Amino acid sequence: MTDTDTPVDGPFPIRVNPTPSGCELDMTSFLTTVFTELITKADEDPEGLVEELADMAGLLRSAMHQGRDSHARHEFDARMQALVQEFADDGLVPVYGGQVARLRDRLDVIAQPRPVPAQREAGAA
């Protein structure tokens, strides 16, 4: 069994940390894999990757200036999706078997109402 804070232990461990207003999913392992893929691509074709990212930066600037329904925005979104597909398996993190139930259980515990430390009992001054 895993630590309750890490209900998903593979292939990409996911830690779940409570916050005052909900929780954080720690996806460090998955993101490390994504950055490793980018680093590998940069090593294989540094000019190509830099050109692609610089071109996308230009599209993003245009999209911000022209608005969300501009050609630049649609082009940027399509190219970003292609990068996510290439380097991050479509952005999907697999969770298998019993890990699904552990993740559900951990999120259920965190989702339960918790007292706010600064709250006073009713009628207290």
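The values are calculated or read from the model by the stated rules, or taken from the named source; none is laboratory data. All values reported here derive from a predicted model rather than from experimental measurement. As a convention, Cβ positions derive from the backbone with ideal geometry for all residues, glycine included, and neighbour counts pool all protein chains shown.
Looking across region 69-81, the residues that are more than 25 Å from Leu92 (Cα to Cα) and of a type outside the set (Ser, Thr, Tyr) come down to Asp69, His71, Ala72.
For the subset of region 21-46 comprising residues that are charged (D, E, K, R) and under 12 Å from Phe87 (Cβ atoms), which member is surrounded by the fewest Cβ atoms within 10 Å (Cβ to Cβ)? Selected residue: Glu37. Looking only at region 77-114, filter to residues that are among the β-branched types (Val, Ile, Thr) and out of contact with any Asp or Glu (no Cβ under 7 Å at 6 or more places or on another chain); which one of those is surrounded by the most Cβ atoms within 10 Å (Cβ to Cβ)? Out of the qualifying residues, it is Val95. Checking the stated criteria, Gly22 turns out to be assigned by TED's automatic domain parsing to the domain that holds Pro7 and farther than 18 Å from Asp9 by Cα.
In region 36-61, the residues that are touching a residue at least 40 places away in the same chain (Cβ under 8 Å) form Cβ pairs under 9 Å with partners that are in a helix (DSSP H, G or I) and of a type in the set (A, V, I, L, M, F, W, C), at six or more places apart or across chains, as follows: Glu37/Phe87; Glu37/Ala88; Leu38/Leu49; Leu38/Leu83; Leu38/Phe87; Lys41/Leu49; Lys41/Phe87.
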